[in-house]
1. Just want to confirm a number: the relative contact order over region 212-314, from Cα pairs under 8 angstrom separated by 6+ residues, in percent.
2. Please give the peptides 32-43, 147-158 ranked by average Cβ packing (other Cβ atoms within 10 Å per residue), highest first, as a rough proxy for protection.
3. If packing is taken as the average number of other Cβ atoms within 10 Å across a peptide's residues, how do 338-344, 281-287, 305-311 rank, most packed first?
4. For region 67-174, which trypsin sites (Lys or Arg not before Pro) are both in a DSSP coil and crowded by at most 14 other Cβ atoms within 10 Å?
5. If you filter region 290-351 for trypsin sites (Lys or Arg not before Pro), then keep DSSP loop positions with at most 12 other Cβ within 10 Å, what is left?
6. Taking 1 over the mean of 1/r across every pair of different Cα atoms in region 204-345, what Kirkwood radius in Å do you get?
7. Roughly how many Å is it from the Cα centre of region 192-211 to that of region 290-351, as a whole number?
8. In the chain, if the dipole is taken from +1 on Lys/Arg beta carbons and -1 on Asp/Glu beta carbons about the Cα centre, which of 179, 267, 211 is farthest to the positive end?
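Read-outs throughout are calculated quantities, based only on the coordinates presented, and are distinct from any laboratory measurement. Predicted, not measured: the structure shown is a model, and the values here were computed from it. Cβ placement follows ideal geometry from the backbone for every residue including glycine, while neighbour counts extend to all protein chains displayed.
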Amino acid sequence: MPVLCCPATSVPEHTISMEQTLELARRLYPRHENLSLILRLIKNTGVNKRHFVQPIEKTLTHPGFEERNLIYVHEAKRRLPKVIETALKNAQVSAHQIDAIIFVSCTGFTMPSLTAWIINNLGFRNDTRQLPIAQLGCAAGGAAINNAHNFCLAYPESNALIVACEFCSLCYQPSDMSIGNLLSNGLFGDALGAAVVRGQGGRGMRLEHNGSRLVLGTEDWISYAVKKTGFHFQLDRRVPKTMEQLAPELRAMATTYDWDVEKLGFYIIHAGGPRILSDLSHFLNVELHLFAHSQATLTEYGNIASVVVLDALRRQFDAGLADGSRGIIAGFGPGITAEIILGTWQGTGTQ
């Protein structure tokens, strides 16, 4: 069975603390009629620190969508090689052994996809398959794993590389006074990640089952308004309550394969905000401490979109786990969509 090897993740060098975020909100929006609510919502995120590709002074300016996108491309090309190199090393494969690249990002746009630049510049074969995914938002990390899993099932001798690149700070909109947008200013951070799914051999999470679930009637709950100033993040106030609808989907999928979702050995969950984890703990009847790696990603980096599940999984690798432990990865995003993976820990697999 295909194996998801240890991810590599990276965050930029510029940081902002919770205290700095709150002070900026007070300084930038002193007359906002909902300032008290906004400050309370930001505090409730539990995000202690976030990382940005630019210093905060530059992040707060808006040079225009074109310039923002040029920054996205420049920073992606500057930072991706090291993350990809580390992911390949973790999986003990070379660029020449990769047969497909799945690239996910929702914070910038290029055509052709950055997969073409990666192949041209980082030693990959010219027959490497390319699959860019741009519109699944935070769920794309899980979708990338699912697509890599399916590819390696179809071509059992193959290897797939997952690459996630999210510079959420480049979506900052200084003129957007909506509560959802102002909350996002205190929640999202920048990060990059990569991981290899090996069709044969490898150590990590042996991928066994995957699926996708859509909560009907919620397509406008998380969205972008695409305007001349770029991407404006829109968040419906009902989003924090979606775990009540998604938890049964996770349970049902596990039950389909005779797995008990309440008794797994590890849980890698997209922590878009603190309520996701607490509600999922309640509705799945799973102790909250089992989401510790997802919580750590949120606390230390903020919501880093599609990179969240890769970073939380990296932390699980660092912590270690007994061979044979069953677990779940779940990415949540626009749609409302859940991308779900079931697998077994294979820490002493063949190389």
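1. In percent, rounded to a whole number, it is 21.
2. The densest-packed peptide leads the list: 147-158, 32-43.
3. Ranked from most to least packed, the peptides come out as 305-311, 338-344, 281-287.
4. Answer in residue order: 125.
5. Sparse-neighbourhood loop trypsin sites (Lys or Arg not before Pro): none present.
6. One over the average 1/r among Cα pairs gives 15.6 Å for region 204-345.
7. 12
8. Working it through, the farthest residue towards the positive pole turns out to be 179.
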